[in-house]
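See below for the structure under consideration.
The values are calculated or read from the model by the stated rules, or taken from the named source; none is laboratory data. Just so you know, these numbers come straight off a predicted model, no measurement behind them. Ideal geometry is used to build each Cβ from the backbone, glycine not excepted, and the neighbour counts take in all protein chains shown.
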Amino acid sequence: MTTNASDLRRLAALIRLNATRMVAIQGFGYLGQALSSAETLAVLFGGGFVRVGRDRFVLSPGHYVIGFYAVAAEVGLLNEDELASYGKDGALLEAIGTERTPLVDLVCGSLGQGLSGAIGFALASHLAGEDRDTYAFLSDGEMEEGQVWEAAMFASHHRHTLGRIVVVIDANNSQVDGSVTSVTTIEPLADKWRSFGWRVAEVDGHDVDALSEAFASGSADAEPFVVIARTEILGQMQSIPPTIDGHFIKLDRALEHAVTTELEAALA
Amino acid sequence: MREPPYKTALKPYGEALLALARRRPEVLCLGADLTRQTETDIFRDALPERFINAGMAEANMIGIAGGLARAGHVVFVNTFGVFCTRRCYDQIAMAVAYPNLNVKIVGFMPGLSSPGGPSHQAIEDVALMRALPNMTVIDPADALEITQAVTAVADHQGPVYLRLKRGEIPLIFDYDHRLELVKAQVIAGGEHYDVCIVGAGMMIPAVLAAARTLEDNGIAATVINAPVIKPLDKPTIVTAARKSRIVITAENHTIIGGLGSAVAEAIAEAGVAAPLRRIGIEDVFAESGSREFLFSRYGLGTQNIIDAAWRGLTINRPVPVAPVLETAPGAYAPV
């Protein structure tokens, strides 16, 4: 655990490097999700905000599970050797999270469902009188699913009977058919959540200091809290052409080499 | 077994759920703006801290139920059958059935028991729920079975879909009747049968009445009560079917995917030669109307079962006519 910004930036680079190596096994996969969310995952798990073994962690978009594996290996939750099996037939580390996925309390593959499950956990924490927070990781694309807003309304209405709940949205403006903005207008996202009764922090999701400050501002009072992390699907990587489809990246040997070289240089 | 017209009980489910919750602190009750209609007002009033109204948001409610169940609760989710099956199927599949959680989905107003038309008539709920791995599906016939089902599903590890009639619930079985999640029961008939009738839920009174009329006209009829449609008690059904010249299923549900389909699969795979006739809604959406009107119009009456047996057995006598019972207010008789 560290609150040191350079350590967290280094952890983010390691997450990207792990994910790149995992995607390289098949030559394609959900690399963009790890690239965009690397700082968020670094701060949540490396910065000590998610108290592993006590707090519950919900990963709503199961496609991001690669990023979770990548950080889990760095913070000692997962054996680093396991990463090499990612996405292979019969492997425990599947490309989209399932009930077999280790370590997370809930991972969904069908989008828009994670916040509801997280609210179930938060209700259970309150009923049991436990000091046990619920972190729910969502993506911006799944804001198109109505269930997210059913859940947002519920959490705010029932805020006095919920344990502490923190949502983080990786707003990378990417979905299968292209940019979220080209498919559906979900903005103004912060105003929407605010109007649904949530306290909102909107930050540069590649800025570990801003993320740390936002998560630290989460109080224990009855108020659901959402952090909108504005990110880029390619994670500000210079070595990846900006025209590439970030939702599902085809990683040939040349690109893998370029990405790996850039990340190793950052870590040197 | 009692005699028709049957006495009725009010809110056997609501009373049983509250009694269960008083015994078991892990039991929670979720609803979707249909509290009185799902008999859970008595739970809400007695144990308000364990009652959660999710509002008209069934998808979210199912997801929350999954989270609560993961944390160790036994969660009863209550709304109308249409809304807790059709409307949130992916949520049930992913948040409840796949992780095999202790979420008990209770859907009211099965089949054509609702006057509310197709939007409120759960005619394919059994088919949908039966198709999901891990899901147990129960269609109880009377107040005693409902009361017993509440405890049985709470004791069962895993998800359950329980479809329940609203309002006045008939008392059909004697107090020694036992609902078991693995058993169907022969409730009428002998060792040598002309016809074997397999029914469940609201069709049991009609099945019993049809069997009696057939017996009165020289046809040996055996009746199997199969409240647990999944997992179906195949041995009991196959054993009876083997001894029968014809098998008839009766369900307050579309004939596609429900009890009739489950029985068809069981007897076909067992190599039973007897032909099968399925009494149920014949692959149509219905309309608004009273139970009596709808059951008669859509082929769910006692006479429909008698007709199916008569035609199936190719008997060259006039078809006997089902007796019409005088029913006092508050009593229940089959259509």
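Hey, could you check segment A:226-253 for residues that are assigned to a strand (DSSP E or B) and not hydrophobic (A, V, I, L, M, F, W, C) and say which is farthest from A:Ile165 (Cα to Cα)?
Going through the qualifying residues, I end up with A:Lys250.
Would you confirm whether or not segment A:124-140 contains a residue that is away from chain B (no Cβ under 11 Å) and of a type in the set (A, V, I, L, M, F, W, C)? Let's see the steps before the verdict.
To start, the set of residues in segment A:124-140 that are away from chain B (no Cβ under 11 Å) comprises A:129, A:131, A:133, A:135, A:137-140.
Those left that are additionally of a type in the set (A, V, I, L, M, F, W, C): A:137-138.
Yes, the conditions are met somewhere in segment A:124-140.
I need a count of the residues in segment B:107-158 that are surrounded by fewer than 23 Cβ atoms within 10 Å (Cβ to Cβ) and assigned to a loop (DSSP other than H, G, I, E, B).
So the answer is 14.
Any idea which residue in segment B:253-278 is surrounded by the fewest Cβ atoms within 10 Å (Cβ to Cβ), counting only those that are assigned to a helix (DSSP H, G or I) and of a type in the set (Gly, Ala, Ser)?
Going through the qualifying residues, I end up with B:Ala268.
Which of (1) modelled with pLDDT under 95; (2) in contact with a Phe, Trp or Tyr (Cβ under 7 Å, 6 or more places away or on another chain) is the odd one out, the single condition B:Pro323 does not satisfy?
Only one criterion is unmet by B:Pro323, namely (2).
It is to be established whether one or more residues within segment B:304-322 are farther than 21 Å from B:Asn217 by Cβ, free of Cβ contacts under 8 Å to residues at least 60 places away in the same chain and within 23 Å of the chain's Cα centre (by Cα). First the steps, then the outcome.
Restricting attention to segment B:304-322, the residues satisfying the condition of being farther than 21 Å from B:Asn217 by Cβ are none.
No, segment B:304-322 has no match at all.
Scan segment B:105-136 for residues that are in contact (Cβ under 8 Å) with a residue 60 or more places away in the chain and within 14 Å of chain A (Cβ to nearest Cβ) and report the count.
0
Hey, can you tell me all the residues within segment A:1-28 that are in contact (Cβ under 8 Å) with a residue 24 or more places away in the chain, surrounded by fewer than 24 Cβ atoms within 10 Å (Cβ to Cβ) and small (Gly, Ala, Ser)?
Within segment A:1-28, A:Ala5, A:Ala13, A:Ala24, A:Gly27 qualify.
Please identify the pairs in which a residue from segment A:108-125 that is closer than 18 Å to A:Trp149 by Cα has its Cβ atom under 7 Å from the Cβ atom of a residue that is polar (S, T, N, Q) and assigned to a helix (DSSP H, G or I), counting only partners at least 6 apart or on another chain.
Listed pairs, sorted by first residue: A:Gly112/A:Gln147; A:Gln113/A:Gln147; A:Gln113/B:Gln91; A:Ser116/A:Gln147; A:Ser116/B:Asn60; A:Leu123/A:Thr161.
Among the residues of segment B:94-104, are any away from chain A (no Cβ under 14 Å) and not in a strand (DSSP E or B)?
For segment B:94-104, residues away from chain A (no Cβ under 14 Å) and not in a strand (DSSP E or B): absent.
Among A:Glu256, A:Glu223, which is part of a helix (DSSP H, G or I) and surrounded by 13 or more Cβ atoms within 10 Å (Cβ to Cβ)?
Testing whether each residue is part of a helix (DSSP H, G or I) and surrounded by 13 or more Cβ atoms within 10 Å (Cβ to Cβ) leaves just A:Glu256.
Looking at segment B:28-58, which of the residues that are within 12 Å of chain A (Cβ to nearest Cβ) and touching an Asp or Glu at 6+ places or on another chain (Cβ under 6 Å) is nearest to B:Ala93 (Cα to Cα)? Step through it out loud before you land on a result.
Step one: of segment B:28-58, the residues within 12 Å of chain A (Cβ to nearest Cβ) are B:28, B:30, B:32, B:47-58.
Filter once more, keeping what is touching an Asp or Glu at 6+ places or on another chain (Cβ under 6 Å): B:32, B:55-57.
Working: B:Ala32: 19, B:Gly55: 21, B:Met56: 20, B:Ala57: 17 Å.
Ranking the qualifying residues of segment B:28-58, first place goes to B:Ala57.
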